[in-house]
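Some notes on the structure that comes next.
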Amino acid sequence: MDEQSVGIVTPRVARFEKPLTFSCGKRLHGWELVYETYGELNASASNAILICHALSGHHHAAGRHAPDERKPGWWDACIGPGKPIDTRRFFVVSLNNLGGCHGSTGPRSTQPGTGQPWGPDFPQPQVGDWVDSQALLADHLGIDCWAAVIGGSLGGMQAMSWALRYPERLRHCVAIAAALRLSAQNIAFNEIARRAILADPGFAGGHYLREGTQPTQGLALARMVGHITYLSDDAMALRFGRELKSDDPGDHEFQVESYLRYQGAQFSSVFDANTYILMTRALDLFDLAADAGGDATAAFEKTACEFLVLSFSTDWRFAPARSREIVDALLAAERPVSYAEIEAAEGHDGFLLPIPRYLDILEAYLRRVKT
């Protein structure tokens, strides 16, 4: 195994008996979070970093669950000994958020008192609810203050929310390819994806597990719509161009069509449709400045940490202009912030990939973080 890998990792489960009240007013009793850790927590518990995942992410961010596992965790390029998030220095925690479908309590879990899956009745989480649950996980692990909270896309929104909700519990906030709030266009893309799921007869009003059906076609279409927006035009052109899948003159299928169908089919076989609906709605509802009358500068005045904000030049889903809005608000609030726009052809997905300049900037910043 790669000497820079965290190696074989085993997920853990934290169970909480204390009810958690969501922003929508509903309460969750007896809930669980699945998480992984990499590296060792030091004696003063001052070297911990929290990784917040994006829409379709989960707790498995680095290493492998078994030697023959085909792919490592989703952010293995960044986490490990000698990597930007260096596990020789840091104790890294990565979790699956509430409402997820990879072990944490969510729509597939059994609803107390019914014996049936929660399904569409699972409470709608918002970003702040996730942060509150993550704070309870930190308490469970004996971590009073994170050295850094780091996330890309929806994860970056969680990182910024941490800085507002628990200003004394993190020293650095790293928000990558994120935004203060979604644009109308972004909300529209999410609604199209949700409608594709809802229109699938197999959705069964969200009770597909109870009914023994699956909205695989709708979820596959939702993933196809989303996946297009995560890639740039340049990336798609370089990867697929207008190449046909076959040399057969009677076959008019383009390679990009085949690729999207494959991605949709793979995703629908491992992800939960109700979770997808919950996650996209949480994205839509996020507004960092909502509690400050829409004034992002006033919102950031509550923070006490340092910030790193990163964007990618060809990201049109969360364009660099959205990251600059974050930076401008932080500067107006007189908060310490570093910013870089990474020249990269990969679009929004760039935050997941081993782009050299991106890794170098992240590593240089985290080198400054005291443990």
Original post:
So for the chain, taking the charge dipole from beta-carbon charges (+1 Lys/Arg, -1 Asp/Glu), which of Phe22, Gly264, Gly82 sits furthest toward the positive end?
Top reply: Phe22
Subject >> Segment Arg239-Glu301, length gained on full extension (0.36 nm per residue, minus Cα span) >> reply: 18.0 nm
**OP:** Taking every Cα atom in the range 187-281, find the radius of gyration and the maximum pairwise distance Dmax, and write them in Å.
**Re:** 15.1, 46
**OP:** Report the label-to-label distance for Ser44 and Glu334 in nanometres (one decimal), using points 7 Å from each Cα along the Cα→Cβ vector.
**Re:** 2.8 nm
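Before rounding to the nearest 500, sum -39500 (n - 2.57) across all DSSP H runs of length at least 4 in the chain and divide by the residue total; then give [θ] at 222 nm in deg cm²/dmol. Walk me through the numbers on the way to the answer.
Details: 11 runs with 125 residues, N = 371.
Per the formula, -10500 deg cm²/dmol.
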**OP:** Looking at the chain, send over the antiparallel percent of its DSSP beta bridges, to the nearest 5.
**Re:** 35 percent
Subject >> Formal net charge of residues neighbouring Ala321 (Cβ-Cβ distance under 11 Å; K, R +1; D, E -1) >> reply: -2
Subject >> the range 189-232 versus the range 93-141: alpha-carbon centroid distance in Å >> reply: 20 Å
Original post:
What residues of the range 101-124 lie in the reach of a label at Arg210, counting those whose backbone N is under 20 Å from a point 7 Å from the Cα along Cα→Cβ?
Top reply: 101, 105-124
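Sort the following peptides by mean Cβ neighbour count (other Cβ atoms within 10 Å, averaged over residues), highest first: 261-270, 132-141, 173-182. Show your work: numbers first, answer last.
On the way: 261-270: 15.6, 132-141: 18.2, 173-182: 26.2.
In descending order of packing, they fall as 173-182, 132-141, 261-270.
Determine, for Asp360, Asp272, the number of other Cβ atoms within 10 Å of each Cβ, and report the residues in order from fewest to most. Write down the numbers at each step before the final one.
Values: Asp360 13, Asp272 24.
Ordered from fewest to most neighbouring Cβ atoms within 10 Å, Asp360, Asp272 come out as Asp360, Asp272.
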**OP:** Starting with the fewest neighbours, write out Phe203, Phe254 ranked by other beta-carbon atoms found within 10 Å of each beta-carbon.
**Re:** Phe254, Phe203
Original post:
Points 7 angstrom from Cα along the Cβ direction at Thr110 and Phe254: gap in nanometres?
Top reply: 4.9 nm
Subject >> Full-extension gain in nm, Glu343 to Gln266, via 0.36 nm per residue minus C-alpha separation >> reply: 24.7 nm
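Show me 159-167, 91-99, 74-82 ranked by packing, highest mean number of other Cβ atoms within 10 Å first. Walk me through the numbers on the way to the answer.
Details: 159-167: 23.1, 91-99: 26.4, 74-82: 21.6.
Answer by packing, highest mean first, reads 91-99, 159-167, 74-82.
Taken together, the values in this text are just the output of simple stated rules run on the coordinates, not laboratory data. Since this is a predicted model, take the numbers as computed values, not measurements. Cβ: placed from backbone, ideal geometry, glycine included. Neighbour counts: every protein chain shown.
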